[in-house]
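These notes are about the structure you will find just below.
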Amino acid sequence: MKINANYGSLEESYLFSTINKKVEAFQAAHSSASVIRLGIGDVTLPLCETAVRAFSLAALEQGKADTFRGYGPEQGYGFLREAIQNYYASFGVTLSPDEIFVSDGAKSDIGNILDLFDEDNTVWIPDPVYPVYRDTNQMAGRKIVYLNATKENDFLPMPDFTQHADLIYLCSPNNPTGAVYTQTQLKEWVRYALEQDAVILFDAAYEAFVSSPELPRSIFQIPGAKECAIEFCSLSKTAGFTGTRCGYTVVPEALKRNGFSLRKMWLRRQTTKFNGVSYPVQRAAEAVFTPEGMQECKAHLQVYQKNALQIANTLSELGIYYTGGIHSPYIWMECPHSMKSWEFFDDLLERAHVVGTPGSGFGVNGEGFFRLTSFGTPQATQEAMERFRAVYTR
Ligand code: MLT
């Protein structure tokens, strides 16, 4: 018996689990402190009414013999895949329902997609970035090359045509920096991937926060992307599904490598290892894509956008550098007084009882930076910013 020793190269625990443990220890030692959590990007507003209605009706259907449904299609019910197809059409992307795979969220699919690729592949991962890309490749022992995302390149690394990559992770709007690639920049990435026969794994989990029609929400808005990209998306942030769980992955028919159709491979993988998302959840997700559902979700996103503005204004007032928060729920700030990321995490927790995410948890280039989320309630966000101002006024 041989264990997967690649686990030995991982940090001892997943970033957000480490944060939770630290916060729990702090709470245990300071039981009267009211801690405000602006760390993990977890939503605070409930599901929209239209989704809840559909969710409840579907649950009731499951309790009656004539409407009860057992195993559903592993790829997702047709009604939801068609709703997602129409959603993509609303920003000019034509997909067939066969190219859409419903799942329990982007995180699982981002990890599971690696089943399709040999371990002997060179992987490009921006730094800083969502730690799941790095951790899942480390678990498989793949060779990772990090792309520097820094202030100098506006946290948007571009391809080096003199180097070869097989798999490329891009996240736009970016977690954690909030940076968004333009059409022109994504065109360069697509040109690179086509030239190198690489595959782009595009994480669009925050697309709903893009508020300018000029900025791409999907890699498939770029000509040629269907021959070189897979896209992951989720209802977690768009519609408050962090606890309800529903996402989708688009694997285009045109994506072929070494004589294999990646869409067919993913279908084979999913039908073997996954039994689909529950029927009521898929009905709730379908409801999100109705005009009423979309309008209600948009109203929720506006609450988070206002929170982001409040955080941004506080940092501007204090003269602290930050970016993000416009097309993204995340604000990426420099730690005050040149503190290191974890040092600032402890300082903020101790003195203001506010939790954020240390930038170094997203990669070495995140050292000295810190991420705040706008997913708190407006009251908690305001209170957090008041405490922040009181502690960090110059
Ligand atoms: C984050 O805080 O980066 C995300 O909420 C984590 C996730 O989506 O898994």
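The values are calculated or read from the model by the stated rules, or taken from the named source; none is laboratory data. Predicted, not measured: the structure shown is a model, and the values here were computed from it. Every residue, glycine among them, receives a Cβ derived from its backbone with ideal geometry; neighbour counts consider all protein chains shown. Side chains are part of the model used for accessible areas, which takes the heavy atoms of the whole protein and leaves out ligands, DNA and RNA. Shrake-Rupley method; radii C 1.70, N 1.55, O 1.52, S 1.80 Å.
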Filtering segment 164-188 down to residues that are among the small types (Gly, Ala, Ser) and over 18 Å from the mean Cα position of the chain (by Cα) yields Ala165
Scanning segment 1-33 for residues that are among the small types (Gly, Ala, Ser) and part of a loop (DSSP other than H, G, I, E, B), the one nearest to Val354 (Cα to Cα) turns out to be Ala33
Flagged in segment 128-148 as of a type outside the set (Phe, Trp, Tyr), within 15 Å of the ligand (Cβ to nearest atom) and open to solvent by less than 30 Å² (accessible area, probe 1.4 Å), in numbering order, are Pro128, Val129, Pro131, Val132, Asp135, Thr136
The residue from Val23, Val35 that alone is in contact with a strand residue (DSSP E or B) (Cβ under 7 Å, 6 or more places away or on another chain), open to solvent by less than 70 Å² (accessible area, probe 1.4 Å) and away from the ligand (no atom under 16 Å from the Cβ) is Val35
Note on segment 83-124: residues touching a strand residue (DSSP E or B) at 6+ places or on another chain (Cβ under 9 Å), acidic (Asp, Glu) and not in a loop (DSSP other than H, G, I, E, B) are Glu99, Asp109
Residue count, segment 38-54, condition open to solvent by less than 30 Å² (accessible area, probe 1.4 Å), within 16 Å of the ligand (Cβ to nearest atom) and not β-branched (Val, Ile, Thr), comes to 3
Open item on the list: Being out of contact with any Cys (no Cβ under 7 Å at 6 or more places or on another chain), among the basic types (Lys, Arg) and away from the ligand (no atom under 16 Å from the Cβ) is the requirement here; does Arg217 meet it?
Closed with: yes
Flagged in segment 209-228 as over 17 Å from the mean Cα position of the chain (by Cα) and among the basic types (Lys, Arg), in numbering order, are Lys226
Matching residues in segment 171-213 (within 16 Å of the ligand (Cβ to nearest atom) and either aromatic (Phe, Trp, Tyr) or part of a strand (DSSP E or B) (or both)) number 6
Considering segment 39-51, residues that are out of contact with any helix residue (DSSP H, G or I) (no Cβ under 6 Å at 6 or more places or on another chain) and not acidic (Asp, Glu), and then whichever is farthest from Ala308 (Cα to Cα), we arrive at Leu47
The number of residues in segment 92-116 that are within 22 Å of Ile3 (Cβ to Cβ) and either surrounded by 17 or more Cβ atoms within 10 Å (Cβ to Cβ) or away from the ligand (no atom under 14 Å from the Cβ) (or both) is 3
Expected output for segment 304-330 (first residue among the charged types (D, E, K, R), partner more than 15 Å from the ligand (Cβ to nearest atom) and assigned to a loop (DSSP other than H, G, I, E, B), Cβ below 9 Å, 6+ apart or cross-chain) is Glu317/Thr393
If we keep only residues of segment 355-381 that are more than 13 Å from the ligand (Cβ to nearest atom) and within 10 Å of Ile36 (Cβ to Cβ), then the residue surrounded by the fewest Cβ atoms within 10 Å (Cβ to Cβ) is Gln379
Exercise for review: Inspect all residues belonging to segment 159-167 and state whether any of them is open to solvent by less than 30 Å² (accessible area, probe 1.4 Å) and either outside any loop (DSSP other than H, G, I, E, B) or touching a Gly at 6+ places or on another chain (Cβ under 8 Å) (or both).
Suggested key: yes
